[in-house]
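Asks: Structure below; questions to follow.
The values are calculated or read from the model by the stated rules, or taken from the named source; none is laboratory data. As the structure is a computational prediction, the values presented were derived from the model and not from experiment. A quick note on method: Cβ atoms are made from the backbone with ideal geometry, for glycine too, and the neighbour counts reach across all protein chains shown. To get the accessible areas, we keep the full protein, side chains included, count just its heavy atoms, and leave off ligands, DNA and RNA. Shrake-Rupley method; radii C 1.70, N 1.55, O 1.52, S 1.80 Å.
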Amino acid sequence: MPEPDLDTESLAHFGFTDAWVEQGVLTRPVLDALCARWADGTDVNLEHYRWSAFKQFLHANRTLTSTQFDCLWALGRSDSDQAMGRAMLFEVILRRDCPRALLQRAALSQDTALARKSQQVLVTRFAPTPER
């Protein structure tokens, strides 16, 4: 359930689900800034506002728990804009702290490019080092 002080009309307008708020990705200050930006009228693409909230969360949280990674993955998979959701998934798997389990799940994705990139990241980060 969204925080009581977050305007449900604004949440719905931008396409934010309760999960965005429950996971702390969308906060009151971020929503206020997005509403102000919307009022400027320069960007009518609602997915750009969700992307902005997502990127601000990633920037503010240099280290994430595996639960947070799973939640971000779920947000990306369920986003109403498929291209933006896919971009979120790539951002998640490219983080240095992305858990192996999530990379392994992504490597089995039906999305060929996402699966391939996840496999590359797995090899790069988790390949055994040869003994000398």
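Asks: Using the alpha carbons of the chain, what is the convex hull volume per residue in cubic angstrom, as a whole number?
Replies: Residue-normalised Cα hull volume stands at 118 Å³.
Asks: What residue among Leu103, Phe126, Leu89 has its Cα farthest toward the positive end of the dipole of region 44-132, where the charges are +1 on Lys, Arg and -1 on Asp, Glu, each on the Cβ?
Replies: The one lying farthest along the dipole's positive direction is Phe126.
Asks: What's the carbon and sulfur percent of the chain's accessible surface, probe 1.4 angstrom, rounded to a whole number?
Replies: The value for the chain is 52 percent carbon and sulfur by accessible area.
Asks: Would you work out the charge dipole size for region 44-132 about its Cα centre, treating the Cβ of every Lys and Arg as +1 and the Cβ of every Asp and Glu as -1, and quote it to the nearest 20 debye?
Replies: 300
Asks: For region 51-120, what class follows from the C-alpha gyration tensor (a ≥ b ≥ c being the square roots of its eigenvalues): rounded when a/c is under 1.5, otherwise prolate if a/b is larger than b/c, else oblate?
Replies: Working: a/c = 1.81, a/b = 1.16, b/c = 1.56.
Oblate, since a/c reaches 1.5 and b/c is not below a/b.
Asks: Another question, then. Compute, for region 57-96, the length of the dipole vector about the Cα centre, with Cβ point charges of +1 (Lys, Arg) and -1 (Asp, Glu) only. Units Debye, rounded to 20.
Replies: Taking the Cα centre of region 57-96 as origin, the dipole is about 200 debye.
Asks: So, one more: Assuming 0.36 nm per residue, please report the length gained on full extension of the stretch Asn61 to Val44 beyond their Cα-Cα distance.
Replies: 3.4 nm
Asks: Under the classification rounded if a/c is under 1.5, otherwise prolate if a/b is larger than b/c and oblate if not, where does region 43-88 fall, given a ≥ b ≥ c as square roots of the Cα gyration tensor eigenvalues?
Replies: oblate
Asks: Looking at region 47-113, which trypsin sites (Lys or Arg not before Pro) are in a loop (DSSP not H, G, I, E or B) and have at most 13 other Cβ atoms within 10 Å?
Replies: Arg62, Arg96
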